[in-house]
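Q: Once you've had a glance at the structure underneath, I'll fire off some questions.
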Amino acid sequence: MRRIALWAMSTVTTVVLLFGYHTSTSGPAATSQVAQTPVGGTLPSTGSPSAGSSSTGSSSTGSASPSAGSGSARTTVTGPSVDTRWGPVQVEITTTGGKVTAVNVVRYPSGNGQDQQINSYALPVLVQETLSAQSAKIDMVSGATVTSGGYLRSLQAALDKAGL
């Protein structure tokens, strides 16, 4: 009788534990958030993702478009969208006179609170490092290795496209 009671309680406990386990539902298919990160700026508050980004493919080749202005040529170049384990990452750079003057992180993973928390500190660091180094030869951010890798690949492609 004791064995049956023990077996029944173990079964009930196992079922409760299995159904009570919450898994992550935001893997690679997580939506991306659009962020404009100006020189010395920070990312917007971590609210819900914008619906402005709809492209998810990594086959985009990037684009360059000169901006209106006087004096030296100002060019904006968008790197390709790089698919990472947690979602796509895409970087846009603005150059003036052969120097990177602004970096915008156009797409990055933001499908859950952890993505938003990690990227709220990692992306400004990556942007500042890019502006300081004027190249893609920067360190990855600890704790944001996947996003850093996608950022560096998109950044290097944008720099190549800009001729830097």
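The values are calculated or read from the model by the stated rules, or taken from the named source; none is laboratory data. Keep in mind that this is a model prediction, so the values were computed, not measured. Backbone-built Cβ (ideal geometry, glycine too); neighbour counts: all protein chains shown.
Q: From ALA73, ALA162, ALA102, which residue is at pLDDT 90 or above and either among the aliphatic types (A, V, I, L, M) or touching a Pro at 6+ places or on another chain (Cβ under 6 Å) (or both)?
A: Numbers: ALA73 fails: at pLDDT 90 or above; ALA162 fails: at pLDDT 90 or above.
After ruling out the rest, the residue left standing is ALA102.
Q: Still on this model: May I ask you to say which residue of VAL146, VAL141, VAL91 is touching a residue at least 24 places away in the same chain (Cβ under 8 Å), among the β-branched types (Val, Ile, Thr) and surrounded by 19 or more Cβ atoms within 10 Å (Cβ to Cβ)?
A: Going through VAL146, VAL141, VAL91 in turn, just one is touching a residue at least 24 places away in the same chain (Cβ under 8 Å), among the β-branched types (Val, Ile, Thr) and surrounded by 19 or more Cβ atoms within 10 Å (Cβ to Cβ): VAL91.
Q: May I pose another question? List pairs: first in the range 100-118 and within 20 Å of SER72 (Cβ to Cβ), second assigned to a strand (DSSP E or B) and hydroxyl-bearing (Ser, Thr, Tyr), Cβ under 8 Å, 6+ apart or cross-chain?
A: Cβ pairs passing all conditions: VAL100/THR94; THR101/THR94; THR101/THR95; ALA102/THR94; VAL103/THR94; ASN104/THR94.
Q: If you go through the range 137-153, how many residues are part of a loop (DSSP other than H, G, I, E, B) and β-branched (Val, Ile, Thr)?
A: Our first condition is that a residue be part of a loop (DSSP other than H, G, I, E, B); within the range 137-153, this holds for 137-144.
Filter once more, keeping what is β-branched (Val, Ile, Thr): 138, 141.
Selection size over the range 137-153: 2.
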